[in-house]
Amino acid sequence: MKIIRFIGKIAALPLAVIAAVLGFIFNLATNLSGYVIGPAMLLILGFDIWFLIHTAWQHVLILTLLEGCCLAVLFGQAAVLEFLDNIRDGLFQFVRS
């Protein structure tokens, strides 16, 4: 039984390293996209308020949906990053046990 567990730990180590590298790359991509999406969301919000004042309801709807899509992208990135971190932590915990 110990031999099978040892083989599993040896097999889990490269997977944990791959998950750690993917998590680092995805974290970097999330931070960089935040620098692009953040100002774009502020610009969209500004135009949304402008069209709201001028009662252009079609534009308000389109821009509000676009703002929601930007938020969904940011939330999706955070969810994937958390998932990769959980996988990495679980594999490293298995290797240490």
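Brief remarks on what is shown
- I87 being surrounded by 15 or more Cβ atoms within 10 Å (Cβ to Cβ) and modelled with pLDDT of 90 or more: yes
- Scanning region 1-23 for residues that are surrounded by 13 or more Cβ atoms within 10 Å (Cβ to Cβ) and closer than 14 Å to L81 by Cα, we see that the one that is nearest to the chain's Cα centre (by Cα) is G23.
- Pairs, first of a type in the set (F, W, Y) in region 45-71, second part of a helix (DSSP H, G or I) and surrounded by 12 or more Cβ atoms within 10 Å (Cβ to Cβ), C-beta under 7 Å, six or more apart: F47/L63; F51/H59; F51/V60; F51/L63
- Check on I87, under 19 Å from the mean Cα position of the chain (by Cα) and assigned to a helix (DSSP H, G or I): yes
- Of the residues I7, I44, I18, the single one that is among the β-branched types (V, I, T) and farther than 30 Å from S97 by Cβ is I44.
Per-residue answers, yes or no, for (1) in a helix (DSSP H, G or I); (2) out of contact with any Phe, Trp or Tyr (no Cβ under 9 Å at 6 or more places or on another chain); (3) exposed (fewer than 13 other Cβ atoms within 10 Å of the Cβ):
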residue	(1), (2), (3)
I25	yes, yes, yes
P39	yes, yes, yes
I44	yes, yes, no
W50	yes, yes, no
H59	yes, no, no
T64	yes, yes, no
C70	yes, yes, no
Q77	yes, no, no
V95	yes, yes, no
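- Leading residue by the ranking (surrounded by the fewest Cβ atoms within 10 Å (Cβ to Cβ)) among those in region 27-37 that are of a type outside the set (A, V, I, L, M) and farther than 30 Å from V95 by Cβ: Y35
The values are calculated or read from the model by the stated rules, or taken from the named source; none is laboratory data. Because the structure is a prediction, the values reported are computed rather than measured. Cβ: placed from backbone, ideal geometry, glycine included. Neighbour counts: every protein chain shown.
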